[in-house]
Structures are given as C-alpha cells and as structure tokens.
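Undergrad: Structure provided below as structure tokens; questions to follow.
The values are calculated or read from the model by the stated rules, or taken from the named source; none is laboratory data. Bear in mind that the values here come from a model prediction, so they are computed numbers and not experimental data. Just so you know, the surface numbers come from the protein's heavy atoms only, side chains and all, with ligands and any DNA or RNA stripped out. Shrake-Rupley method; radii C 1.70, N 1.55, O 1.52, S 1.80 Å.
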Amino acid sequence: MLSSEQLKAVRKIQIRTSHMVSDLFAGQYQSVFKGHGMEFAEVRQYIPGDDIRTIDWNVTARAGTPFVKRFVEERELTVMLLVDASGSTHFGTVKQLKSEMAAEMAALFAFSAITNNDKVGLLIFSDHVELAVPPKKGTRHVLRVIREVLSFTPQRRGTNIAAALEHLSHISKRRCVVFVISDFLDSSAQRALKIANRRHDVIAVVLDDPRDQSLPDVGLIELEDAETGERLILDTGDRRVRDAFEQRATEACRERDRMLHRVDVDAIALRTDRPYAEALLRFFRMRERRH
C-alpha cells in the first residue's frame, strides 16, 4: 500500500512525463524504435506486376484465380525496463536521488511505449533480480510500473547487471528494446551486455551525481560505501585528497564509457543536477541520423 506522499509522487511523475512525451518526443520514439521484420496482413487478388513469390498457392488453388499475401512492417514492440535498485542509486546531493531520476526515466519510456501501442515490462534488480513485472499494454499497467519503481524496497544492496540480463534472456524470446537504468557501478557487466545486445536493442541510461566526480572542501568527513558498507575517513580540506578522488572518479567514468562502446551499446548520460530533456533529445537525434 502506497503512502499519500508516494501517491503524490506517482501523480507528479505521471503528469510531467506524459507532457514531455506528447510535447517533446511525439513521433521521435516511433521513428527510432521500429518493429523488426514483417507480419502477415491479408490475401488479395493478384495484380499484374505483383511479385510471384508472394502468391498464396493454397488460396489460389481453392479460388481458381491467383491470390497474393500482403505483409506490413511489424510495428508492435516490447520495451523492457531494467532498473537498478542497488544501494548506490539511493544517493543524490542536488535536486533528486538517482533512484528518483530512474523512476522518471522509467515513466518516460513507458508512456512513450504505450503511446505507440507497445508493451512494457519491468525488472528491478540489485545483485539479483528483486522483482519482475511481465510486459503489458495500457496506462493502468504503466502506473503500476511507476509505483513499483518508486516504492520498491530491495532486499540487497549490491549490483549485478549480468543477473538481470540473464533473467531477461529466459523470459523474453523475442527481440526487445531494453533500457538498463543504472549508475553502472558494476565492472563485470561487459560480457552480459554484449550478449544481450546481439538479441535485443540495449540502451544504457547512465545515472550520475556531481558528488560522484568531486568532493567539496568541508574538512574531515566519513564516507560509507552504499553497497558494501565499508567506511572511510577523508580530509577534504587537503587539496591532494580532492584531486586524487576526482582523478580516480574521472578514470572510472572513462572506463565505463569505453566498456559501453566496446559492446556497441548506446548510452544516455544523465546527471541529477541537470534537466534530462536535452540529453534525451540528443539521443533520439543521434538514432534518427543513424537510421
């Protein structure tokens, strides 16, 4: 049962993201994410010039006159949202937590999908799959997805992207559009992402906070790893400490970007202190140019 505060948050996200879908992303989602292959539509009488390979010989034999099969592009997609609920996503120092931004992204992609009559499914994961919601259509289903992402309390704090992608491979035999929404603090995800991207269209939605990259000068502070519980005392008043932290964070970011590039996974880089509309529009434009 959701609290009144959580219900307000769901409603707020619904209003904001549905407006963004209709105002900013109308048409772009459909042009970027298309169905794969062709599906049968109907049979009709043969017209001179039709490809003889499309003749339906069974119907032709029964009718005594040539009929051909007509196919249309398969439009319907299944969109899977893989949302990281590990300890590191419950962190944010500016406008919102990473987990709150993850909920907004899930809502935005879900509303875009149902606007185009696509199905939407959800996997919430930490270092194992915590919750799986099968793909369905409709606004009511999307609201359930948003509620789950906003209110779900994970049992564990670690991150295992590979476990989520492996679970997806067992439950989805058809090609999907897969949004992996995470801060990607998982150095072992490369092989799983590469395998998944062969079958599906995988997009990495990368969540960052400015304090992931740099420390303020506030003297002695105690830091706790949100996933392992390990604690560390740092003197942020020491310039060398701040520089070393920033250098390690920058290199970790570069390695994450290189890893996604190696497995040919497109990435949408988001930060909790910046509006996300422009980053999403850049992604859609990039995809449109590629197509």
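Undergrad: Could you give me the percent of Cα pairs per 10 Å distance bin for the stretch 169-209, shortest bin first, beginning at zero and ending with the bin that holds the maximum distance?
TA: 27, 54, 18, 1
Undergrad: Hey, what number do you get for the chain at 222 nm if only DSSP H runs of n ≥ 4 count, each worth -39500 (n - 2.57), divided across all residues, to the nearest 500?
TA: Rounded to the nearest 500, the figure is -13500 deg cm²/dmol.
Undergrad: Quick one: accessible area per residue over the chain, 1.4 Å probe, rounded to a whole number of Å²?
TA: 55
Undergrad: Here's something else I'd like to know. Roughly how much of ASP23 is accessible, in Å² to the nearest 10, using a 1.4 Å probe?
TA: 110
Undergrad: Considering only protein heavy atoms, what is the solvent-accessible area of CYS176 at a probe of 1.4 Å, reported in Å² to the nearest 10?
TA: Rounded to the nearest 10, the figure is 0 Å².
Undergrad: Just need the Rg to Rh number for the chain, please, alpha carbons only, Kirkwood Rh.
TA: Dividing the radius of gyration by the Kirkwood radius yields 1.09.
Undergrad: Something else: Classify the stretch 169-291 as rounded, prolate or oblate, taking a ≥ b ≥ c as the square roots of the eigenvalues of its Cα gyration tensor: rounded when a/c is under 1.5, otherwise prolate if a/b is larger than b/c and oblate if not.
TA: prolate
Undergrad: Now a separate question. If you average the alpha carbon positions of the stretch 227-255 and of the stretch 110-173, how far apart do those two centres end up, in angstrom?
TA: 32
Undergrad: I would also like to ask the following. For the stretch 197-261, what does the relative contact order come out to in percent, with C-alpha contacts under 8 Å and a separation of six or more? Each step should come with its number before you reach the end.
TA: Numbers: 50 pairs, mean separation 19.2, N = 65.
This gives 30 percent for the stretch 197-261.
Undergrad: Please check: in the Gaussian network model of the chain (C-alpha springs, under 10 Å), which one of ASP243, ASP264, ASP273 has the largest mean-square fluctuation.
TA: ASP243
Undergrad: Another question, then. Classify the stretch 12-161 as rounded, prolate or oblate from the Cα gyration tensor: take a ≥ b ≥ c as the square roots of its eigenvalues, call it rounded if a/c is under 1.5, otherwise prolate when a/b beats b/c and oblate if not.
TA: Verdict is prolate for the stretch 12-161.
Undergrad: Of all DSSP beta bridges located in the chain, what percent are antiparallel, nearest 5? Intermediate results must be reported in sequence, preceding the final value.
TA: Numbers: 18 of 42 bridges.
Roughly 45 percent of the DSSP beta bridges within the chain come out antiparallel.
Undergrad: Quick check: convex hull of the Cα atoms in the stretch 105-156, volume per residue, rounded to a whole Å³?
TA: Numbers: hull volume 3.3 nm³, N = 52.
Value for the stretch 105-156: 64 Å³ per residue.
Undergrad: With the full set of protein chains in place, find how many percent of the accessible area of the chain is carbon and sulfur; take the probe as 1.4 Å.
TA: 50
Undergrad: When the chain is modelled as a GNM with alpha-carbon springs shorter than 10 Å, which of ASP183, ASP50, ASP257 fluctuates the most?
TA: Taking springs between Cα atoms under 10 Å, the residue moving most is ASP50.
Undergrad: Same structure again: Ordering GLU100, GLU222, GLU148 by accessible area with a probe of 1.4 Å, largest first, what comes out? Walk me through the numbers on the way to the answer.
TA: Working: GLU100 80, GLU222 110, GLU148 45 Å².
Final ranking, largest accessible area leading: GLU222, GLU100, GLU148.
Undergrad: Give the share of C-alpha pairs in each 10 angstrom bin for the stretch 213-285, from 0 to the last occupied bin, in whole percents, shortest bins first.
TA: Per 10 Å bin, starting at 0, the Cα pair percentages come out as 16, 32, 33, 18, 2.
Undergrad: Heavy atoms only, 1.4 Å probe, whole protein assembly: order TYR276, TYR46 by accessible area, highest first.
TA: Solvent-accessible surface, decreasing: TYR46, TYR276.
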